[in-house]
1. Say we look at region 132-160 and pick out the residues that are in contact (Cβ under 8 Å) with a residue 40 or more places away in the chain and among the β-branched types (Val, Ile, Thr); which of these is surrounded by the most Cβ atoms within 10 Å (Cβ to Cβ)?
2. TYR108 - would you say it is out of contact with any Leu (no Cβ under 9 Å at 6 or more places or on another chain) and crowded, with 17+ Cβ neighbours inside 10 Å?
3. Restricting attention to region 116-131, does a residue exist that is at pLDDT 95 or above, assigned to a helix (DSSP H, G or I), buried (at least 21 other Cβ atoms within 10 Å of the Cβ) and among the hydroxyl-bearing types (Ser, Thr, Tyr)?
4. Here are LEU123, LEU109: which of them is free of Cβ contacts under 8 Å to residues at least 60 places away in the same chain and either closer than 25 Å to GLU43 by Cβ or touching a strand residue (DSSP E or B) at 6+ places or on another chain (Cβ under 7 Å) (or both)?
5. Have a look at ILE93, ILE44, ILE99, ILE53 and point out the one that is closer than 23 Å to GLU132 by Cβ, modelled with pLDDT under 95 and of a type in the set (A, V, I, L, M).
6. Which residue pairs have Cβ atoms under 8 Å apart, sit 6 or more places apart or on different chains, and have a first residue in region 70-82 that is under 10 Å from ASN116 (Cβ atoms) and a second that is outside any helix (DSSP H, G or I) and of a type in the set (Gly, Ala, Ser)?
7. Mind counting the residues in region 132-152 that are of a type in the set (Gly, Ala, Ser), under 14 Å from the mean Cα position of the chain (by Cα) and modelled with pLDDT of 95 or more?
Amino acid sequence: MNIKHLSLNIVLTTMALTSSVSAVANENTFKLAIIKDYLGSREIVDGDFTKSIAYLTRKNADKSSFELNMGLCTSYIKTHDINHSESACTAAITDLQSIKTNNKQVTYLQSVSYSNRGVARYLKNDFTGALEDLTTAISIDSNSITENNLTLAKRKLSADTRDNMAGISD
């Protein structure tokens with residue numbers, strides 16, 4: 001992993017799950033974080049997720065790095081490849097755990113990594129795992145991405161529960 005880039009100059013781009021690119025807050029969509037200006041990130045921002053996956057998984061790409069796994073996590077979520085997305089998100093979390101520095105940037109990256117995996121787990125219908133990850137994300141660093149995603153997951157789960165209860169009473 002290229003720790004120099006992480007600790008010196010990290011820039012994240014957020015995107016809405018339901019649109020190709022968005023930096024505008026929308027309370028009805030999950031937000032995903034990717035590393036800006038890393039291999040495949042331009043394709044992710046442009047909405048070409050298949051191409052970003054190809055770039056990120058090619059043989060000469062870095063073996064395993066946080067940036068690579070964050071890109072794969074986001075791309076797999078956007079292509080609805082749920083099993084691969086959770087694995088890539090978990091790899092990104094693991095990559096960050098190997099960094100012994102506890103600065104604000106690393107803390108933020110840990111937070112959004114858990115948030116991304118929480119979204120992947122939500123889409124996989126692992127609601128317990130999703131809520132655990134999103135709660136962990138907030139406990140690490142409460143920011144607009146983590147707050148949005150936890151609030152949205154809780155609201156959607158609450159609405160689903162109400163709908164299911166209404167169906168039972170009918």
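1. This residue is ILE145.
2. Against the criterion (out of contact with any Leu (no Cβ under 9 Å at 6 or more places or on another chain) and crowded, with 17+ Cβ neighbours inside 10 Å), TYR108 does not qualify.
3. Checking region 116-131: at least one residue is at pLDDT 95 or above, assigned to a helix (DSSP H, G or I), buried (at least 21 other Cβ atoms within 10 Å of the Cβ) and among the hydroxyl-bearing types (Ser, Thr, Tyr).
4. LEU123
5. ILE99
6. MET70/ALA33; THR74/ALA33
7. Residues in region 132-152 being of a type in the set (Gly, Ala, Ser), under 14 Å from the mean Cα position of the chain (by Cα) and modelled with pLDDT of 95 or more: 1 in total.
The values are calculated or read from the model by the stated rules, or taken from the named source; none is laboratory data. All figures in this text were calculated on a predicted structure; none of them were measured in a lab. In this analysis, Cβ positions are derived from the backbone assuming ideal geometry, glycine residues included, and neighbour counts consider all displayed protein chains.
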